[in-house]
Amino acid sequence: MGRIEGLRDYLKTAYNISIFDQAVETKSLWTMHLHGQRVVQASVIENKQYEMVLDIAGQGPEEIHKLQVKCLYPADYTDAFAKLLKIDKKIQALALEPIYAPAERYNIKNKTLFPLMKERQVVFCTLMEGELIRGIVAAFSRYDLTIHAKGGLPVTLLRHSIYDMRNKQGRCMLKS
């Protein structure tokens, strides 16, 4: 009881992979939504434990704390993503800050994410500053989850930036 077929194998292969490691390897340009409604296009030069060094297009290198990043996607999808992004004004009005203590964050269990991914269920994710992203969970790790939005657009949401996640029926997917 409580065992989900395939979850353990999935976690062995994917759980410790960070999108920032992948970004360093690819050296490609990413669009990153940061707290404070800041959006930058950058490549990741260095991935440290809690910070990363970005090469921001037109500005040069900048070190930022990873908790500042809410979501990211390949820069090629910037225009397409802008058309899909919705804002929940009530959440935005709360002016929420990044939550540094992991125990205080809004958490989604792996046991919840894995079936959502396998069943390709549509989910609605609300980020800390009110961004609403709709899509299908394509992958997840300890640090982030990748949602395929409309048209298969891959958007990686950092787990620490998620305020709420619901299915089509409105059921909350957060740990109770």
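Can you find, within the range 161-176, the residue that is modelled with the highest pLDDT among those that are assigned to a loop (DSSP other than H, G, I, E, B) and of a type in the set (G, A, S)? Filtering the range 161-176 for residues that are assigned to a loop (DSSP other than H, G, I, E, B) and of a type in the set (G, A, S), the one modelled with the highest pLDDT comes out as G170.
The residues in the range 127-143 that are out of contact with any His (no Cβ under 8 Å at 6 or more places or on another chain), closer than 23 Å to L94 by Cβ and open to solvent by 10 Å² or more (accessible area, probe 1.4 Å) can be counted, and the count is 2.
Of all residues in the range 148-176, those that are touching a residue at least 40 places away in the same chain (Cβ under 8 Å) and open to solvent by less than 80 Å² (accessible area, probe 1.4 Å) total 17.
In the set S18, S43, only one residue is at pLDDT 95 or above and either in contact with a strand residue (DSSP E or B) (Cβ under 9 Å, 6 or more places away or on another chain) or closer than 14 Å to S161 by Cβ (or both); that residue is S43.
Screening the candidates M32, M52 for the property of being hydrophobic (A, V, I, L, M, F, W, C) and either closer than 20 Å to G135 by Cβ or assigned to a helix (DSSP H, G or I) (or both) yields one hit, M32. Being more than 22 Å from S176 (Cα to Cα) and at pLDDT below 95 is true of G60. Note on the range 75-108: residues that are touching a helix residue (DSSP H, G or I) at 6+ places or on another chain (Cβ under 7 Å), open to solvent by 70 Å² or more (accessible area, probe 1.4 Å) and within 17 Å of L174 (Cβ to Cβ) amount to 0. Counting only strands (runs of 3 or more DSSP E) wholly contained in the range 60-160, the ones carrying 3 or more residues that are more than 19 Å from I17 (Cβ to Cβ) occupy 60-65, 122-127, 131-140.
Report, by residue number, each residue of the range 14-52 that is of a type in the set (V, I, T) and either buried (at least 17 other Cβ atoms within 10 Å of the Cβ) or within 18 Å of P98 (Cα to Cα) (or both). Selection gives I19, T31, V39, V40, V44.
For D9, the criteria (1) within 30 Å of E119 (Cβ to Cβ); (2) in a strand (DSSP E or B); (3) free of Cβ contacts under 8 Å to residues at least 40 places away in the same chain hold in every case but one, which is (2).
A quick yes/no check of all residues on (1) farther than 16 Å from R171 by Cα; (2) not acidic (D, E):
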{"position": "Q121", "(1), (2)": "no, yes"}
{"position": "C125", "(1), (2)": "no, yes"}
{"position": "E131", "(1), (2)": "yes, no"}
{"position": "Y143", "(1), (2)": "yes, yes"}
{"position": "G151", "(1), (2)": "yes, yes"}
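Note on the range 132-158: residues that are touching a strand residue (DSSP E or B) at 6+ places or on another chain (Cβ under 6 Å) and under 16 Å from P98 (Cβ atoms) amount to 3.
The values are calculated or read from the model by the stated rules, or taken from the named source; none is laboratory data. Computed from a prediction, not measured in an experiment: that's the story for all the values here. Neighbour counts are summed over all protein chains in view; Cβ atoms, including those assigned to glycine, are modelled from backbone coordinates with ideal geometry. Heads up: the accessible areas ignore ligands, DNA and RNA and are worked out on the full protein's heavy atoms, side chains in. Shrake-Rupley method; radii C 1.70, N 1.55, O 1.52, S 1.80 Å.
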